[in-house]
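Asks: One structure coming up, written as structure tokens, with questions to follow.
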Amino acid sequence: MEKSLALVLPDKAGTLREVMRVLAAHDVSVLRLSYNRVVDAHALFLDVNGTVAALDAAEEELRAWRFFPGQREVGEVHLIELGLEDDPCALEPVLAVAEQNEVNITYVDVRTDGTSDGIMRIAVYVDRPNQLADLMEGIQRICPATVVPRGEQPNMLDNNHFNLSFAHGLARRMGLGPTGEEEILINSNRIMQNLMREGADPHKPFDYINQIGETMATYSGNAFVRACRVTAFTTAGGLAGHCIEPPIGADTWVLECDNCLLCIDSGYRRYAGELEEVLRSLYPCWDSLSKKLVITHADFDHVGLLEPFDEVFASGRVIDNFAFESMGIVNWREQNPASFPYNRIGRVLCGYEVPDAESIHCLGEMSPMGEQDEPLRLIDTLDVAPLSFEVWEGKGGHVRGEIVLIERRHRLCVSGDIFVNVRNQTKPQMRFNTLAPYLTTSVDVDPALARTERTAMLDQLGEGTWQILGGHGALFEWRG
């Protein structure tokens, strides 16, 4: 079994060796190690492998040493830019203010352009409320001073401090517990490692991830319900339906069939209660109605609300995806190492819970082996009177396991994220969808293949007017 650990080590010789001794004593092997010894926090990130019993015993012993972040108070590092006179003594008053506020300086960069003015940047470590504000107030009495935004900070700034403060701040804003904070901490370190190997700015993505977290927190509760756009429509065959467009996450489509409601996709888990409130407002007899749900693919913004449905349907590869996750195996999208840590942070932010794979009805073959040749392949039919859908599986351009449903008599096409109506979304949707790719690094696993699948889908529809029920955005009329 593989497991990820994040430890904060005391500033003491031999501590790293002690951690390695504990792991070796319990026959736990190290798959990945990231350690950056900085002044005030010594963060160690590990991916380890061993039996469940060995991992539990090693973690218990390490916890006894108080090595886990939740057992210690960890502060933040901020970068301050100062405008100082080009004078050898100009720095001394600033250092005095830092000393008065008990602030440690972890980084200094001074440069001049040959004029009377100089620019200095100092990184300061703060671990108490108002400590940074008090420091800035004191420095600004001496010279101009501003806190440099994260995206403009140099790469040599203490990255492990950044990881710790980023994870703690985001978890606090999102109301996450220690487990969620640790998952963010571990995967922010993975992102930084990947970016630094590529020579890219290791801090830039975190500004966007913070914005995603803040936006998600904004739309909790009644704010989500108020921001949903709900639109009624009627199919070519006279069947009534609704499109629910949330401010964040995938659309939920409702088709009023003869003996049940047929729903398509169900948004983020974080907003499951809010989505159910919208559905109940549309259908006051919600509890007494028979309800079925189709999952178009396994991305976490499509599978948030499953409990109220009597039957849930998905492709064999989607069911495999959930089975993998329940066993601790990476899912289809996370098999790309670059996407893995972003996707893991996204799962934490949206409150994702792995669906019960065994309770889902399979469309097509269970656990299909190998790769299909066609961009779209007919795998099954789904009959929910008066509708009779052809079920087509995509090759995996957006993500493996994706399906398209085609109902020819009612001229309906359920496309999932193979087709989205980007031109007709609400303003909150458009704002969030500019940020959302940072939770997966790419909307499509294979953009070129996704385009090929989209063309194949439209070719299947043929001539005439069709209603396309996409993954995001309003109902789209296609004229072939």
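The values are calculated or read from the model by the stated rules, or taken from the named source; none is laboratory data. Remember, predicted model here, so these are calculated numbers, not experimental data. Note that we place each Cβ from the backbone using ideal geometry, even for glycine, and neighbour counts take in every protein chain shown. These area figures cover heavy atoms from the full protein model, side chains too; ligands, DNA and RNA do not enter into them. Shrake-Rupley method; radii C 1.70, N 1.55, O 1.52, S 1.80 Å.
Asks: Of P341, G249, L387, which is farthest towards the positive pole of the chain's charge dipole, taken about the Cα centre with +1 and -1 on the beta-carbons of Lys, Arg and Asp, Glu respectively?
Replies: L387
Asks: Rg to Rh ratio, the stretch 307-349, alpha-carbon atoms and Kirkwood radius?
Replies: 1.05
Asks: Can I ask one more? Distances over 23 Å make up what percent of all Cα-Cα pairs in the stretch 222-321? Walk me through the numbers before you get to the answer.
Replies: Details: 1061 of 4950 pairs.
Result for the distance tail: 21 percent.
Asks: Now, a different point. Roughly how tilted is helix 178-197, in degrees to the nearest 10 and between 0 and 90, from the longest Cα axis of the chain?
Replies: Its long axis makes an angle of about 80 degrees.
Asks: Further question on the same structure: For a quick check: with amide H placed at 1.01 Å from N, whose amide H comes under 5 Å from E353's, ignoring anything fewer than 5 positions away on the same chain?
Replies: Result for E353 returns nothing.
Asks: Please report, in whole Å, how far the alpha carbons of the chain spread along each principal axis, starting with the longest.
Replies: Reported extents, whole Å, longest axis first: 83, 55, 43.
Asks: For the stretch 407-480, evaluate the Debye formula with one uniform point scatterer on each Cα (no solvent term) and list log10 I(q)/I(0) at q = 0.13, 0.16, 0.21 Å⁻¹, rounded to two decimals.
Replies: Values, matching the q order: -0.43, -0.63, -0.98.
Asks: Continuing with this model, one more query. Share of antiparallel DSSP beta bridges in the stretch 385-480, in percent to the nearest 5?
Replies: 75 percent
Asks: So how much slack lies between E198 and E374, counting 0.36 nm per residue of separation and subtracting their Cα-Cα distance, in nm? Intermediate results must be reported in sequence, preceding the final value.
Replies: On the way: separation 176, 0.36 × 176 = 63.36 nm, distance 3.47 nm.
Full extension from E198 to E374 adds 59.9 nm.
Asks: What angle do you read, to the nearest 10 degrees and between 0 and 90, between the alpha-carbon axis of helix 316-326 and the longest principal axis of the chain?
Replies: Tilt of helix 316-326: around 30 degrees.
Asks: Quote to one decimal, in nm, the extra length available between L16 and M430 on full extension: 0.36 nm per residue of separation minus the C-alpha distance between them.
Replies: Values: separation 414, 0.36 × 414 = 149.04 nm, distance 4.67 nm.
Computed gain between L16 and M430 is 144.4 nm.
Asks: Moving on. Give me a comma-separated list of calculated 3J(HN,Hα) values for the stretch 465-480, in order, Karplus coefficients 6.51, -1.76, 1.60 applied at θ = phi - 60°, integers in Hz, x for any Gly or Pro.
Replies: 9, 10, 9, 9, 9, x, x, 9, x, 6, 3, 10, 9, 10, 10, x
Asks: Give, to the nearest whole percent, the P(r) tail of the stretch 333-480 beyond 25 angstrom, counting all Cα pairs.
Replies: Tail fraction, whole percent: 35.
Asks: Figure the gain on full extension for A236 and Q335 (residue separation times 0.36 nm, minus the Cα-Cα span) and round it to one decimal in nm.
Replies: 31.6 nm
Asks: In a shell of Cβ-Cβ distance under 13 Å around G351, excluding G351 itself, what net charge do Lys and Arg (+1) and Asp and Glu (-1) give?
Replies: Overall, the nearby charge balance is -1.
Asks: With point charges of +1 on the Cβ of Lys and Arg and -1 on the Cβ of Asp and Glu, referenced to the Cα centre of the chain, which listed residue (N189, A90, L376) lies farthest in the positive direction of the dipole?
Replies: L376
Asks: Based solely on C-alpha atoms, express the radius of gyration and the Dmax of the stretch 270-380 in angstrom.
Replies: Rg, Dmax (Cα atoms, Å): 15.5, 46.
Asks: Same structure, new question: Counting pairs of Cα atoms in the stretch 359-442, how many percent are more than 18 Å apart? Walk me through the intermediate numbers first.
Replies: Values: 1926 of 3486 pairs.
Tail of P(r) above 18 Å: 55 percent of Cα pairs.
Asks: So, for the stretch 328-480, what is the accessible surface per residue at a probe of 1.4 Å, expressed in square angstrom?
Replies: On the way: 6830 Å² over 153 residues.
Spelled out: the 1.4 Å probe surface of the stretch 328-480, per residue, equals 45 Å².
Asks: Right, here's the next one. List, in order, the whole-Hz ³J(HN,Hα) value for each residue of the stretch 427-436 obtained from phi through the Karplus relation with A = 6.51, B = -1.76, C = 1.60 and θ = phi - 60°; use x for Gly and Pro.
Replies: Taking θ as phi minus 60°, the curve returns 4, x, 4, 4, 4, 5, 5, 6, 9, 3 Hz for the stretch 427-436.
Asks: What accessible surface, in Å², does a 1.4 Å probe find on K3, ignoring ligands, DNA and RNA and rounding to the nearest 10?
Replies: 70 Å²
Asks: Between L363 and residues 5 or more places away or on another chain, which pairs have amide H atoms under 5 Å apart, with H built 1.01 Å from N, and which residues are they?
Replies: Result for L363 returns A314, S315, G316.
Asks: Now for a separate question. Residues with amide H under 5 Å of A250's amide H, sequence separation 5 or more or different chain, H placed in the peptide plane at 1.01 Å from N; which?
Replies: G267, Y268
Asks: Counting pairs of alpha carbon atoms under 8 Å apart in space and at least six apart in sequence, what relative contact order in percent does the chain give?
Replies: Rounded, it is 11 percent for the chain.
Asks: Additional query: For K427, give me every one of the aspartates and glutamates with a C-alpha distance below 20 angstrom, ignoring sequence neighbours fewer than eight places off in its own chain.
Replies: E214, E245, D251, E274, D301, D417
Asks: Report ³J(HN,Hα) in whole Hz for each residue of the stretch 217-232, in order, from the Karplus equation J = 6.51 cos²θ - 1.76 cosθ + 1.60 where θ = phi - 60°; Gly and Pro get x.
Replies: Rounded to whole hertz, the list is 5, 4, 9, 6, x, 4, 4, 5, 4, 5, 7, 5, 9, 10, 10, 8.
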